[in-house]
1. Using Cβ contacts closer than 10 Å as the measure, can you line up Thr111, Thr68 from fewest to most?
2. Below 8 Å between Cα atoms, with a sequence gap of 6+, how large is the relative contact order for the chain in percent?
3. What does the net charge come to around Tyr251 if you take all other residues with beta carbon closer than 10 Å to its beta carbon, with K and R at +1 and D and E at -1?
4. Take Phe208, Phe328, Phe597 and order them by how many other Cβ atoms sit within 10 Å, fewest up front.
5. Can you give me the distance in nm between label points at Gln61 and Ala514, each placed 7 Å from the Cα along the Cα-to-Cβ direction?
6. What are the trypsin sites (Lys or Arg not before Pro) within the range 311-361 that DSSP puts in a loop, where the Cβ has at most 13 other Cβ atoms within 10 Å?
7. Under 17 Å Cα-Cα from Lys619, which lysines qualify once same-chain neighbours fewer than 8 residues away are excluded?
8. Quick one: dipole size for the chain, taken about the Cα centre, charges +1 on Lys/Arg Cβ and -1 on Asp/Glu Cβ, in debye to the nearest 20.
Amino acid sequence: MFSPSSVLSDKTLLDILYQSPVATAIYVGEHLQIVFANNAMRKLWIIGDDLANQTYRDARQGSTPNLTTQLQQVWQTGVTYRQAAAPYTVTADGYIYTQYYNIELSACKDTDGRVTAVMHTAVPLNQTGISQHKNTGSTVVGNTESYTPAKGAVNDLFDAPVLETLIDNASIGVVIIAGEDNKILYANYSYSKMIGRNLNILCGSKLFDVLPEARAYFAPIIDEVRNHGRPVYLYDTPYSVYTNGEVSRGYVNVIYQPFTHPLTKVKGVLAICHDVTSQTLNKQQLETVNAKLQSTNHDLQLNQTGLRLAADTAKLGIWTFDPETNNFGLDPRCRSIFGLDADEAISKTDIETVIDEKYVPVVTQLVQNAYAGKPGMVEYYAINLKTGKRSWVRGSAQYIPPTSESSGHLIGTMVDLSAEKDEEKRKTDFIGFVSHELRSPLTSLSGYIQVLQLRASKTGDEKIIDIINKSRRQVDRMAALISGFLDVVKIGESRIQLDLSCFDLVNLLSESEAECNTVVQTHHMVYKPLTGAFVEADYDKIEQVLTNLINNAVKYSPQGTTIIVTAERRDDEVWVSVADEGLGISEADIPHLFERFYRAQSEHTKTIKGFGIGLYICKEIIESHRGRIWVESEVNHGSVFYFSLPLITKNL
Ligand code: ADP
């Protein structure tokens, strides 16, 4: 190996090392007696000028990492110890700050392999705040310091060849160049490895002859260090070297230290290089991840604000439920509905105290459906624990499956419907009032028309008879409308009463068929008969439903088309259907069709009169019989309305 002693005296080498900003110390023995410590290391210590009989333990400051055990291990085993980015608390210019160092503890061995000394180096990492950027890394220019070795820098115990071996074997790249042409006086193995050149060709060569690819960027810096006598520190500086036609790229921290050869007075530069490629790449990755995180955070904040805004506008309360802890999380709006204070917790078992008992099964079903992946919405009575007041609430629930960050949980919304329900009640009361007021004069009118009909039939005046018949039909229509409105009022007040009896649905269908055959002249009515379908139901109300569906089929399909009425048994139910070949209903309208006052809007339907209460009444009647009502439809191809009723055992 090319030895520094061949070109530099041990004294010169020591001098250079002494000035190096890489904190360096050398210890011997189990007790880690200090035999050498340069200026940079002494700044990290609390040691005085005299090294005699000083050990690492005496010198170390309490605020710096304690390496006693590691140093002793290196002394005992000879195995190098490294620690990246160790934090040191440093005082400079009256400020206290943290400086990170890459630490290396390496052993120097004699020819028998016995450890004779341990070298301790601490390479400072980037000092944020004092660096100015150059290239993509950063550069710091140090102060010009005239070299004055401190008294007692080297202990008498110190043997210079130990130092050579230590530097030769150090994992930090060291190169010493001198003169205008940057002739290499010394390079260690780590440096040769870093630049991808054989150590043998380095000695005596001009640096940029063997490493031309580095000239453009590094030569001006080295010139500046040499000519101005000021150290320069490069941090995270990108480099690329060409080895056997291949480019290897990386990042390096370099400390350039000027020196003047004590004998020849030739000016030179000591460069200590530390490959920080993996650290820099990690740092860059971390910065990218951080930037992404920041932007995700920003997006999240925006989403959250947006969500909050939407929830506020819609007066939505938001709740969560954690099945693991059985606890609810409630936002202020949910808390105010239940009359709970901000710090009052509520668990699954408390839920029955805040929901009207009649609605507990409805809410339980909502939750079970949510767990089964079917989010939904229900209306229920919530109880305010403070006032005891009940209010209508519309609630939804959805299950959020577990992710790597959170366990599975339920999330849902609540809206206080009190105002909406009050408004609804006012409207219903009004409809009820008007309908009642209209019913008496209409009954009288109907009576008068009957008398007129009787009289007219005696006169035989066809024209008069026809006019009176038309008036009669209009009065009947009005009466039907009014009874519809009164039904709506009754439903709203839960006053719909069923007069139950057991009957064969087939009879009801036959009656309907007989009536339709005389009344419906515009369409072709087809009834598909069925035998023995016994139900326990309110005959008149089921008839009302069927009539309503048939009337709609007539109303919403062109003249001359066919309307088919069927009834069929399906397990323990009977399904009745009314199919037409009419306008059909769009997909968007179907979910709302059975709502009160809902009417599908289209070019064709806008000329057809109605109030949107027929299907609502049908639904209420069928559901109060524990049956279902639904529709299958295609625009311009027709609709099939179905209702189902439970069959009774008599039928089996
Ligand atoms: P109305 O007929 O008085 O408007 P309904 O409650 O009976 O009220 O019906 C609600 C709406 O459903 C109707 O406005 C109509 O748009 C639609 N509808 C009902 N039956 C049919 C049908 N057979 N074909 C097409 N649309 C229908």
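Throughout, read-outs are computed from the coordinates displayed, never taken from laboratory work. Predicted, not measured: the structure shown is a model, and the values here were computed from it. In this analysis, Cβ positions are derived from the backbone assuming ideal geometry, glycine residues included, and neighbour counts consider all displayed protein chains.
1. Thr111, Thr68
2. That works out to 7 percent.
3. 0
4. Phe597, Phe208, Phe328
5. It works out to 11.1 nm between the two label points.
6. The qualifying sites are Lys315.
7. The reachable lysines, counting only those whose Cα sits under 17 Å from Lys619, are Lys490, Lys541.
8. Dipole size: approximately 1060 debye.
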